[in-house]
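The block underneath contains the structure these notes are about, expressed in C-alpha cells.
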Amino acid sequence: MTPREFNERLAKRARKANVTLEAQTIESLGAYYHLLETWNAKVNLTAFPLNDAPDEAIDRLLIEPLVAAKHLQGSHGHGHPHGPQLAARPRMVDIGSGGGSPAIPMKIAIPSLILTMVESKTRKSAFLREAVRHLNLADASVETARAEDLLARPELHESQDLITIRAVRVEQKLLVHIQAFLRLGGRILLFKTSTGMDTPALVAPPLVYEATWTLVETLRSRIVVLRKML
C-alpha cells in the first residue's frame, strides 16, 4: 500500500467516525503508522497485523485516539454537554505506552499537549523515542520506568491534567498511585473495549466516575473518565 493509498483510507475511516483531519495531521499519522509497522516486525509493539492497514488496526490505533482528542476539545456532547476545559498547554501522562497509541495520535491531534510516555520495557521505549524524533514531536518525552517508580519524583506530583491508560490491568492500587500525578480536577481516561463495566467498582476518593465517551461504534470501544476531586 502506497502512502497515498494509506492516507486516503485513513481519511475515510476518520470521516466514518465524524472526525475531520487536516492534510498535515494525516501525513503525521501516516508516518507514525508506517514507523510502527516497520518496528513491529522486530519488536512486538502491537498484536494487530499492520500490513495493508486493515480497518480494525486503523480504527483502534489511530481513530480511537483522534475521537478521544475530539472529546477533550469539547466538540462532542456525549456525556458532557459543555465539554471539558483543557488548559492552554495541557500535561498528559500515558501509562504503559507500548507502541505509542493512544498517546502519539492524541499528541498529533492536540499539538499543545505536553506528553510523557511511561513504558517499562527498554525496546518499546526505544521505539517511542524514535517516534518522537522521527515525527519531530515537541514537548514529548519517554520514561523507561513503571508508573509506580515515578512516585519518587516530587515534581511530577499534582502536575498533570490527563492520564491515559490502555491495555494495562487497572487495579485499585494502580489508581491510588497514579492519581498522585493529577492536579485537582484532572482526569484519568481508561480506554476500554466491549467487555467490563463502565463504572469500575475500585474507584475510591479522591477519584470519582465522571462520564463514558463513545469511541468507535463498530469496535464497541469507549473511554471511562475518572476525575480527581477534593
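The numbers here are math on the coordinates, done by the rules we state, and not lab data. Just so we're clear, the structure is a prediction, and the values are computed from it rather than from any experiment. Using ideal geometry, Cβ is built from the backbone for each residue, glycine included, and neighbour counts are taken over all protein chains shown.
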Cα convex hull of the range 1-133, projected area averaged across orientations, nm²: 8.1 nm²
Cα-centre dipole for the chain with unit charges at Cβ (Lys and Arg positive, Asp and Glu negative), debye to 20: 160 debye
Candidates ALA68, ALA131, ALA87: whichever shows maximal mean-square fluctuation once the chain is modelled as a Gaussian network with Cα springs under 10 Å: ALA87
GNM flexibility winner over the chain from GLY96, GLY30, GLY186 (Cα, springs under 10 Å): GLY30
Cα-Cα separations in the range 84-158 greater than 18 Å, expressed as whole percent: 37 percent
Extreme residue, positive dipole direction of the range 124-203, given options LEU184, SER141, SER125 (C-beta unit charges): SER125
Pairs of lysines in the chain (C-alpha under 29 Å apart; 8 or more residues apart or interchain): 27
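Taking every pair of distinct Cα atoms and averaging 1/r, then inverting, what Kirkwood hydrodynamic radius in Å comes out for the chain? Present the calculation step by step, with values, prior to reporting the outcome.
On the way: mean 1/r = 0.0563 Å⁻¹.
Answer for the chain: a Kirkwood hydrodynamic radius of 17.8 Å.
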Furthest towards positive pole of dipole, SER28, ASN18, ALA87, structure part the range 3-228, Cβ charges: ALA87
For ASP94, distant residues with modelled amide H under 5 Å away: THR116, MET117, VAL118, THR164
Candidates PRO102, PRO49, PRO65, ranked by Gaussian network fluctuation over the chain, Cα under 10 Å, top entry: PRO49
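If I take every Cα pair under 8 Å that is 6 or more residues apart in the chain, average their sequence separation and divide by the length, what percent do I get for the relative contact order? Mind dumping the intermediate values first?
Values: 384 pairs, mean separation 37.5, N = 230.
Taking the mean separation of contacting Cα pairs over the length of the chain, I get 16 percent.
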Separation of the HIS134 and ARG183 label points, Cα + 7 Å toward Cβ, nm: 3.3 nm
Backbone HN-Hα couplings from phi across the range 28-45 [Karplus 6.51/-1.76/1.60, Hz, Gly and Pro as x]: 5, 5, x, 4, 5, 4, 5, 5, 4, 4, 5, 5, 5, 5, 10, 10, 6, 9
Principal-axis tilt of helix 122-134 within the chain, Cα atoms, nearest 10 degrees: 70 degrees
Rounded to 5, the percent of DSSP beta bridges in the range 3-228 classed as antiparallel: 40 percent
